[in-house]
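The structure appears below as structure tokens.
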Amino acid sequence: MWRNVMHWRGVALVVAGLVATLVLAMNGGLVLYIHPRYIVFTVVMTLIALALVAASLFARPSHDHDPEPARGLPRLLSVFAIVAAGVIAIAMVGLPAATLTSATAVQRDPSGLSIGKEAQNVDSVSSARSAVFKKFTVVDWASLLRQTSDLSFYDSKPVDVTGFITADPDDPENVFYVSRFVITCCAVDAQPAGVPVYLENWGSSLKADQWVRVTGGFAANPSESSKRPIALHVSTIKPVERPSAPYLY
Amino acid sequence: MRAIVEGSGFSLPNQVQDLLTLSISVIIESLPFVILGILLSIVVQVWLPEGFLMRFLPHNGVLRRAGISLFGIFLPVCECGNVPLTRGLMVKGFTVAESITFLLAAPIINPITIITTHQAFGFDNGILIARIVGGLAIANIVGWVFSLHPSQSSLLTPSFIAECRRPEHPDTKRHKSVDLFVRESSAIMPALFIGALVAGAIQVAVPRSVLITLGSDPLFSILAMMLLAFVIAVCSNVDAFFILPFANTFMPGSIATFLVFGPIIDVKMLAMLRTTFTTKVLVQMTVVVALLSALVGLVVNYVA
């Protein structure tokens, strides 16, 4: 039994990985974990792995030269490793695919610390028309907010953004971020970007991690404890479904 | 089962959910590269003619390792795929020092890494040059240091030595390949899963802002970048895009350090390398690589 476990553990984990990958590829969930540009490569390699797994199941197993089973502490450690890997494998195949939550957004700074000028540049957009601003995502706005807190720049520029709610750690009752994650490779490198919204006692009608579409305009942030000088003042806010591509690139 | 879980409205606490999402993301991203690495390892061990790779290499140790450190130019495999390939090279007679040289250099000078680093940084501040030259130098220096060890086999784990000493059975190439796939995945896959789990756990536990506040100090920014590279465990093929947004906050030298250190040492890689090298070797390798990549960063900060 133990010999069989040790012999087949790798193939079993490959199977878990490829089942999860193929299921996600079919229901469009791969984008929750990796950047779209890797999808073709990932699926091709997964199909090759599938062929190898099939070949290994049909080949006669060559147990005769497997190493002698370990005893004592090494065996305990490998049991632990197999159990831990097994738990992840089961979660991978069994649990519904999920996006990162506001917990990670808070942990990585929801204001979008790493979003720089490459998204939008203050000088080049200052005279753009309203229609342009209406299409701006939270990443575009986070980029501008990092560059200037001059209120006249934001005057009469319409904001219409969609994202999930992350409470502002400094004033969680009255300020939240409409946030998205930006990913370059996979969910591991996700960087949060968010637009601060001032809405007194928002927790009474909304909750963290909920997806919303918010319209309004930027003005001074009335919150006393929030560190952000400017916040979005809401005209309309309505709950929406999580988009099929929740991350931005 | 998925349908039952979805239907019940059951949801995990945010931290647990993110731990799973991050770990699964590392696995799904790395798995194709690991499969590619296992395939290349099978090609090297089963399909290439005996002594094919050795034929073109000089006999002098230093020159030989220099040649080996350039192998990666032909292999678009990032670091996790190089682990099974390196194991294959050792089975085929490379010394431990030679395969360490290959292992450290290959992810940095692989063609995709060079292209993506150039796309991200161009030739700004010498970051691309520092990465290639620094990575090759570190690989050769670390390879040289380990070549001085009198007993090369004591650097390896007993289970991998047993693997190298497997008697050659008269068998078809196809059957050997399949057998090798089963054994290599048994060695590498649990390590990948554990490495992914640890990487996910550290990311949930350590606030990112701790690292970023250190960004403007010439020395601390380098340390912070090494820590970030260590926990983020992202593939060398794409790490330049990941670090690009931080170029505003961090000094160019610390970016170079991230790009040199990250492909060689991170939590996922250490878990995978532990299948082959002893803990002592990994600690020594980590310390030497950390010091040398910090040096690369300091030089870039000084010159740029």
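The values are calculated or read from the model by the stated rules, or taken from the named source; none is laboratory data. Being a predicted model, the structure only gives us computed values, none of them experimental. Don't worry about glycine lacking a Cβ; one is built from the backbone with ideal geometry, like all the others, and counts go over all protein chains shown. Please note that ligands, DNA and RNA were not included when accessible areas were found on the heavy atoms of the full protein model with its side chains. Shrake-Rupley method; radii C 1.70, N 1.55, O 1.52, S 1.80 Å.
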Over the stretch A:89-113, the set of residues out of contact with any strand residue (DSSP E or B) (no Cβ under 7 Å at 6 or more places or on another chain) and not in a loop (DSSP other than H, G, I, E, B) is A:89, A:90, A:91, A:92, A:93, A:94, A:103, A:104, A:107
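Looking only at the stretch B:9-17, decide whether some residue is closer than 18 Å to residue A:31 by Cα and either open to solvent by 50 Å² or more (accessible area, probe 1.4 Å) or at pLDDT 85 or above (or both).
The answer is yes; a qualifying residue exists.
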Can you confirm whether the stretch B:44-56 contains a residue that is assigned to a loop (DSSP other than H, G, I, E, B) and either on the phi > 0 side of the Ramachandran plot or touching a helix residue (DSSP H, G or I) at 6+ places or on another chain (Cβ under 6 Å) (or both)?
yes
Going through the stretch B:233-244 in order, the residues found to be buried (at least 23 other Cβ atoms within 10 Å of the Cβ), at the interface with another protein chain (Cβ under 7 Å from one of its Cβ atoms) and under 18 Å from residue A:193 (Cβ atoms) are B:242
Q.
Please determine whether any residue of the stretch B:216-230 is under 22 Å from residue B:143 (Cβ atoms), open to solvent by less than 30 Å² (accessible area, probe 1.4 Å) and either modelled with pLDDT of 85 or more or in a loop (DSSP other than H, G, I, E, B) (or both).
A. yes
Listed by first then second residue, the pairs whose first member lies in the stretch A:28-42 and is part of a loop (DSSP other than H, G, I, E, B), whose partner is among the polar types (S, T, N, Q) and open to solvent by less than 10 Å² (accessible area, probe 1.4 Å), with beta carbons under 7 Å and at least 6 positions apart or on separate chains, are A:33/B:25
Restricting attention to the stretch B:231-269, the residues that are assigned to a helix (DSSP H, G or I) and among the charged types (D, E, K, R) number exactly 2
Being farther than 30 Å from residue A:46 by Cβ and among the basic types (Lys, Arg) narrows B:183, B:131, B:166, B:174 down to just B:131
Selection from the stretch B:265-280 of residues within 15 Å of the chain's Cα centre (by Cα) and farther than 18 Å from residue B:234 by Cα yields B:274, B:275, B:276, B:277
Within the stretch B:82-128, restricting to residues that are on the phi > 0 side of the Ramachandran plot and touching a residue at least 60 places away in the same chain (Cβ under 8 Å), the one that is most open to solvent (accessible area, probe 1.4 Å) is B:125
Taking the stretch B:69-120 and keeping residues at pLDDT below 85, in contact with a helix residue (DSSP H, G or I) (Cβ under 9 Å, 6 or more places away or on another chain), assigned to a helix (DSSP H, G or I) and hydrophobic (A, V, I, L, M, F, W, C) leaves B:74, B:80, B:120
Residue A:101: passes all of (1) modelled with pLDDT of 80 or more; (2) touching a Phe, Trp or Tyr at 6+ places or on another chain (Cβ under 7 Å); (3) surrounded by 19 or more Cβ atoms within 10 Å (Cβ to Cβ) but (2)
Listed by first then second residue, the pairs whose first member lies in the stretch B:160-183 and is closer than 17 Å to residue B:44 by Cα and modelled with pLDDT of 90 or more, whose partner is of a type in the set (Gly, Ala, Ser) and not in a helix (DSSP H, G or I), with beta carbons under 9 Å and at least 6 positions apart or on separate chains, are B:178/A:59; B:182/A:59; B:182/A:62
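Of everything in the stretch A:239-249, what is assigned to a strand (DSSP E or B) and modelled with pLDDT under 95? Give them in sequence order.
Within the stretch A:239-249, just A:248 meets the criteria.
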